Amino acid sequence: MIWIITLLPLLSVVLLLLWNPEFRLITIGSRNRTTIDPASIFTPAYFLLVFSGFATYAVSVLLAYFDSERLKRDGVVRPFHWAWSFLSGTVYVVGRSVIVRKVAPDRGLVPVWVLIGVIVLSIVVSTIKMSATMASMISSIPN
């Protein structure tokens, strides 16, 4: 369960790469102002991306509960409480890893390192994607 919680944010990164808005200009108002058509931004892929954030959150909380229960069955007396995942999956992964490391000193920190990699990858990909999107938007505006 911990690995799914750790890697789940990659779903949003993949969906971000699938969102490719084509900015169109429209004229509105009595003064004929030109602006970007909101329908060119808010595509079905955009709403899928937004929904994936909520779904990732909900699935992380549910999986944290199951993971915490499994740790109890495996003999961990006081596992990291699953309710911390309401703050974020990251909080649960770090807290759980610290507790597992105390119980089994040779184990426990690999999910934290993988999570750091996922976060760095997410930041890099989203920065590149948003830079390209902004460049596309700026180039669609007439001089």
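Worth pointing out:
- Net length available on complete extension from Val110 to Ile128 is 3.8 nm, with 0.36 nm assigned per residue and the Cα-Cα distance removed.
- Net charge dipole size for the chain [Lys, Arg +1 and Asp, Glu -1 on Cβ; Debye, nearest 20]: 280 debye
- Rough spin-label spacing in nm, given labels placed 7 Å along Cα→Cβ, for Phe51 and Arg24: 2.2 nm
- Note on Lys102: accessible area approximately 150 square angstrom, rounded to 10, probe 1.4 Å, nucleic acids and ligands left out.
- Note on the chain: Cα-Cα pairs beyond 22 Å make up 52% of the total pair count.
- Listed residue (Phe54, Pro44, Ala83) projecting farthest to the positive dipole end of region 34-120, Cβ model: Ala83
- For the chain, the membrane-span-like helix rule (DSSP H, alpha carbon extent of at least 27 Å along the helix axis, mean Kyte-Doolittle at least 1.0) picks out 110-140; this says nothing about an actual membrane.
The values are calculated or read from the model by the stated rules, or taken from the named source; none is laboratory data. What you are looking at is a predicted structure, and each value in this text was computed from that prediction instead of being measured. Reconstructed Cβ throughout: ideal geometry from the backbone, glycine too, with neighbour counts over all protein chains shown. These accessible areas exclude ligands, DNA and RNA; they are computed on the full protein's heavy atoms, side chains included. Shrake-Rupley method; radii C 1.70, N 1.55, O 1.52, S 1.80 Å.
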